[in-house]
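Undergrad: My questions all concern the structure below.
Taken together, the values in this text are just the output of simple stated rules run on the coordinates, not laboratory data. These numbers come from a predicted model, not from an experiment. Quick reminder, even Gly has a Cβ in these numbers, built from the backbone with ideal geometry, and neighbours come from all protein chains shown.
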Amino acid sequence: MGLPGKKLSKSSKRRRAAHFALDQMQLVACKKCSKPILPHRACVYCGTYKSRQVIGKSKSEVLLKEVSKEDIKKELSSKLSSKNKS
Ligand SMILES: [Zn+2]
């Protein structure tokens, strides 16, 4: 295993760490719904990119929708019951 050949001084360590800070996220307003979104990406709220609908509205709604476990259970049970009938 590689070992450090020389002790790294506090100052050289800190000098290197001076560039480790993360930049603040740059957000732009969506042209359609004016919500803050990442630049060069489709809006997750309305599914538009460059004023064009690129994601179906249902899909963008699905992304935002918080599905609870009970809802999933209900859906599964309804699907299973419909399969058993047919
Ligand atoms: Zn939008």
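Undergrad: Using the count of nearby Cβ atoms within 10 Å as a rough guide to exposure, how do Cys33, Cys46 rank from fewest to most? Before the final figure, lay out each step's value.
TA: Details: Cys33 12, Cys46 19.
So the ranking, lowest neighbour count to highest, is Cys33, Cys46.
Undergrad: First select every other residue whose beta carbon is under 11 angstrom from the beta carbon of Val28; then total the charges, Lys and Arg +1, Asp and Glu -1.
TA: Counting the neighbours of Val28, the net charge comes to +3.
Undergrad: Next up: If you add up the charges near Lys50, with Lys and Arg at +1 and Asp and Glu at -1, over every other residue whose beta carbon is less than 13 angstrom from its beta carbon, what do you get? Intermediate values should be presented prior to the final figure.
TA: Working: positive: Lys31, Lys32, Arg41, Arg52; negative: none.
Net of charged neighbours comes to +4.
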